[in-house]
Amino acid sequence: MFFYRELSWLQVPKTLLIAANTSAIRLYIITNAIRFSFLMTSEQIPQGMSQWVIDLHLQPWMFLLMVNFALLAAGQFTMVVNMEKGIIHPPVGLNLFVSSHLAKEGLTEVSIANLSWVGVMLV
């Protein structure tokens, strides 16, 4: 408004509302990431997985090979599908926020329209 003179005083409230909406979506995503991190920490899931790997008594190269094979197998069949389930599944699916923003529709409307895809992915 002051430097480029492309924004009028009448457009300021709408611009601030759009900025607040976008910020709220990002903060919601960050909040859920923090909640997931807290859950992982409180249930000590990383420590349990680490102990399991240590108990296998693998050499470093054997561990890396095992991880590469596991990711290769999972990536070919299940990992991509499971990632997409998380990305499109309400309430925290990142693609829902992107779709909602692009379609200029509410998150509820996009989630309802997306239920058929969620059903297909679950099958």
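Taken together, the values in this text are just the output of simple stated rules run on the coordinates, not laboratory data. Here the structure is a predicted model, which is why all the values come from computation and not from measurement. Because the Cβ atoms are built from the backbone with ideal geometry, glycine has one as well, and the counts that use them run over all protein chains shown.
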Worksheet item: Using the alpha-carbon atoms, what tilt in degrees (0 to 90, nearest 10) does helix 79-88 show relative to the longest principal axis of the chain?
Response: 30
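Add -39500 (n - 2.57) for each DSSP H run of 4 or more in the chain, then divide by its residues: what number comes out at 222 nm, to the nearest 500 deg cm²/dmol?
Working: 6 runs with 96 residues, N = 123.
When only DSSP H runs of four or more count, the value is -26000 deg cm²/dmol.
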Discussion item. Which one, Gly119, Met66, Ser100, is farthest towards the positive end of the dipole of the chain when Lys and Arg carry +1 and Asp and Glu -1 on their Cβ?
Written reply: Ser100
Discussion item. Is there a quick way to get the dipole size of the chain? I mean about its Cα centre, with the Cβ of Lys and Arg at +1 and of Asp and Glu at -1; what is the value in debye to the nearest 20?
Written reply: 360
Worksheet item: Can you list the trypsin sites (Lys or Arg not before Pro) in the range 1-104 that are in a DSSP coil and have 16 or fewer other beta carbons within 10 angstrom?
Response: Arg5, Lys104
Item to complete: Set the Förster radius R0 to 35 Å, insert the Cβ-Cβ distance between Gln51 and Ser116 as r into 1/(1 + (r/R0)^6), and round the FRET efficiency to 0.05.
Response: 0.25
Worksheet item: How do 110-118, 41-49 rank on mean C-beta neighbours within 10 Å, highest first?
Response: 110-118, 41-49
Worksheet entry | Cα gyration tensor, the range 29-108 - rounded (a/c under 1.5), prolate or oblate | oblate
Discussion item. Using the basic label-point model (7 angstrom from Cα toward the beta carbon), what is the Asn68 to Glu6 distance in nanometres?
Written reply: 4.8
